[in-house]
Amino acid sequence: MRITFIGSGNVATHLALALHGRGHVIEQVWSRNIEHATLLASRVDAEPINKLSKLNVDANVFILAVSDDALFTLANDIRVNNALVLHTSGATPMEVLKDCSTRYGVLWSPQSFVRDVALEYSELPFCIEGCDSETEETIEEFVGMISSHIYHTDLKQRQYLHLSAVFVNNFTNGLYGVAQQICREQNLPFEILHPLILNTARKVTWGDVRYQLTGPAVRKDRKTLDSHRHLLDENPYLQELYNRMTELVVKVKEGL
């Protein structure tokens, strides 16, 4: 298929590389910043453009891989007749694209994309939704060339999955940052915790997370909990975070 990307950031980069690697033709890459468009276009043999008036409307698929705010604006300016138009947002209704084409839908992966961090694309999960059953079948066939991990999700399911992804990825990374800073302040290498981090992530795949929980909160080890709180006396924000997280662990263990 001949594919045009609207956007040139992390998501667009990975999807373009994945599709290009499967033999699809990436026809154009649009970005308001022509240098950004050129950077991605050069990697997938595409034409870089920075004006929507230069879109080749004869492409088969248009993928809008942009921020949610930009998505609403751009969708008002794109008209491509019967081409398949997809957005990559986990939180936005597919109907934002209804004036772009008669065929539209969603192609979203609950994954954290970093431009220069390689991914095994065949292992990526993709959530899809189409404006009708025929369009959804087309999206499934299209995405199936990248990965077999395809899930049919409606807007509400996708929004809740997006919320869940924030908890397991963004919030978790924030906690890693706290731990890294504590180690740095105590002249300890954060690498000491790498095996624990990896083992914790691996255990998540074993089943119900409630049965994987360990630590002083689960054991109701008040002496250790109080000791930890004391270490945070000079940082009330982290002390409060520690208290909240301790409560959370207990609630999760009890089934919320």
Query - Residues of region 21-42 satisfying the condition of being surrounded by 16 or more Cβ atoms within 10 Å (Cβ to Cβ) and modelled with pLDDT under 95 - result: His24
Query - Unique match (being modelled with pLDDT of 95 or more and in the same structural domain as Tyr121 (by TED's automatic domain parsing)) among Val11, Val57, Val61 - result: Val61
Requested in this report: Exactly one condition in (1) within 22 Å of the chain's Cα centre (by Cα); (2) modelled with pLDDT of 95 or more is not met by Ala75; state its number.
Outcome: (2)
Requested in this report: Could you grab me the full set of residues in region 186-241 that are part of a helix (DSSP H, G or I), closer than 22 Å to Asn173 by Cβ and touching a residue at least 40 places away in the same chain (Cβ under 8 Å)?
Outcome: Val209, Leu238, Leu241
Query raised in the report: Of the residues that sit in region 158-195 and are within 18 Å of the chain's Cα centre (by Cα) and of a type in the set (A, V, I, L, M), which one is surrounded by the fewest Cβ atoms within 10 Å (Cβ to Cβ)?
Result: Leu163
Report task. For residues that are out of contact with any Asp or Glu (no Cβ under 9 Å at 6 or more places or on another chain) and under 16 Å from Val61 (Cα atoms), tally how many sit in region 22-43. Result -> 4
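May I ask you to say which residue of His87, His36 is out of contact with any helix residue (DSSP H, G or I) (no Cβ under 9 Å at 6 or more places or on another chain) and of a type outside the set (S, T, N, Q)?
Working: His87 fails: out of contact with any helix residue (DSSP H, G or I) (no Cβ under 9 Å at 6 or more places or on another chain).
Checking each option against the conditions leaves just His36.
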**Report entry** Filter result for Val178 (modelled with pLDDT of 95 or more and assigned to a strand (DSSP E or B))
**Finding:** no
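Select from region 196-208 the residues that are exposed (fewer than 13 other Cβ atoms within 10 Å of the Cβ) and among the aliphatic types (A, V, I, L, M) and write down the one among them that is nearest to Glu254 (Cα to Cα). Can you show your working first?
Keep residues of region 196-208 that are exposed (fewer than 13 other Cβ atoms within 10 Å of the Cβ), which gives 196, 198-199, 201-202, 204-208.
If we keep only those that are among the aliphatic types (A, V, I, L, M) too, we end up with 196, 198, 201, 204.
Details: Leu196: 24, Leu198: 25, Ala201: 21, Val204: 17 Å.
The residue in question is Val204.
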Query raised in the report: Of these, Phe171, Phe113, Phe167, which one is of a type in the set (Phe, Trp, Tyr) and touching a helix residue (DSSP H, G or I) at 6+ places or on another chain (Cβ under 6 Å)?
Result: Phe113
Query raised in the report: of a type outside the set (Phe, Trp, Tyr) and not assigned by TED's automatic domain parsing to the domain that holds Thr73, is that true of Gly177?
Result: yes
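The values are calculated or read from the model by the stated rules, or taken from the named source; none is laboratory data. Everything numeric in this text was worked out from a predicted model, so none of it was measured. Positions of Cβ are backbone-derived with ideal geometry, glycine not excepted, and every protein chain shown enters the neighbour counts.
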